[in-house]
Amino acid sequence: MVSDPKDGSIRSLLQKGENSLLEAGIEESREETLRILEVLGISRTSVYLGGERKVSEEEERRFLKIVGERMTRRPLAYILGETCFREETLWVNEHCLIPRPETEILVEKVIAAIREKRRIFCKSPAGKNGRMGSGDNLIRKFSFLDIGTGTGAIAISLLRTFSNAEGTLLDISREAIEVARRNVQKYGLEGRARLIPGDFFKLSQGPAESDTPRFVFDVIVSNPPYLSELDLQNIQPELKYEPREALDGGKDGLHFYRRLIPLAKGRLRAGGLLALEVGAGQSGMVSKWLQDAGYDSIHRFEDYLGIERVVTAWNDKRN
Ligand SMILES: C[S@@+](CC[C@H](N)C(=O)[O-])C[C@H]1O[C@@H](n2cnc3c(N)ncnc32)[C@H](O)[C@@H]1O
């Protein structure tokens with residue numbers, strides 16, 4: 001049913017928002033309008049139940065302000081200052097990339113790989129009665145490094161999944177590290193999270209144990225910048241608001257993988273896991289470099305669109 005856009009009801013607001021966002025070229029206009037209403041305290045249920053309730057002038061004013069700002073193509077997550085990632089709602093600002101649904105796949109694959117290779121992380125390979133246990137409680141304490149943590153999305157998800165994990169959250173951007181710190185605090189994870197502002201390439205030079213104590217890990221995970229020069233010329237308007245150092249993967253988009261893969265090997269314990277998110281068409285080259293660097297059991301995983309988006313590999317031998 002089409003409502004009178006001036007009748008002051010939730011339904012009319014929804015229609016107004018949706019039309020305005022569509023006009024601005026935003027595809028997910030309905031979903032985003034529902035999200036804006038939600039943030040203003042108007043639940044999806046009240047919309048689906050008919051949306052007849054009249055909104056207050058203040059609610060309408062706030063709604064129209066957000067919609068107006070979104071029409072400039074500034075991403076909704078930056079306007080609202082928060083975004084959802086898996087089961088978490090994270091603080092976000094223009095200093096960090098907005099976590100994407102594809103990265104949830106990276107996290108899921110890391111979780112599955114850790115659980116599957118429990119022998120690596122187990123206190124002992126068998127339980128009391130000689131059988132493997134099924135819960136994560138059998139996994140010994142393990143450490144991971146999240147290179148380019150941004151909001152801390154990947155690390156926070158892992159820390160919340162594995163109570164026996166200790167995470168190092170690293171980012172070249174000091175401002176991003178401050179956002180990650182807020183998110184770590186929000187979920188009470190300070191005791192198991194180490195936040196480091198810094199450049200992975202600088203920190204990982206030199207001998208593994210001596211120069212930077214504790215800079216060796218059981219798991220290294222990263223969603224590095226992977227857009228090529230050409231990709232960056234053709235980005236959608238929203239991406240212009242995101243930090244360049246979170247997107248720019250050099251001329252061919254592969255700059256980070258080329259350097260990160262051999263360096264990460266020197267920072268992984270024997271039996272450790274490296275898991276990377278990759279851009280469309282990059283998984284082949286990344287897998288080859290992993291093989292060349294001596295990693296084992298290299299696996300590629302597709303995203304919801306059938307694009308190979310995650311590559312995992314194990315460091316089964318001593319470095
Ligand atoms: C694609 S974003 C990923 C952010 C977050 N992990 C996520 O998945 O939402 C890449 C991140 O890498 C950081 N970064 C870029 N170069 C880096 C470097 N040399 N060392 C550490 N972090 C770096 C950027 O600041 C950015 O936060």
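Tabulated data for the structure shown
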| read-out | value |
| --- | --- |
| Cross-link reach list, aspartates and glutamates versus Lys117, counting only Cα pairs under 17 Å and skipping chain neighbours closer than eight places | Glu108, Asp136, Asp218, Asp296, Asp316 |
| For Asp248, Asp7, Asp146, order by how many other beta-carbon atoms lie within 10 Å, fewest first | Asp7, Asp248, Asp146 |
| Linear extension gain, Arg214 paired with Glu178, 0.36 nm per residue minus alpha-carbon span | 10.8 nm |
| Residues Tyr257, Tyr78, sorted so that the one with the fewest Cβ neighbours within 10 Å comes first | Tyr78, Tyr257 |
| Cα convex hull of region 10-72 - mean projected area over all directions, nm² | 3.6 nm² |
| Percent of alpha-carbon pairs separated by more than 26 Å within the chain | 53 percent |
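None of the figures in this text is laboratory data; all of them are computed from the coordinates on show. This structure is a prediction, so every number in the text was calculated from the model and none was measured. Here Cβ is always computed from backbone atoms with ideal geometry, including for glycine, and neighbour counts include all displayed protein chains.
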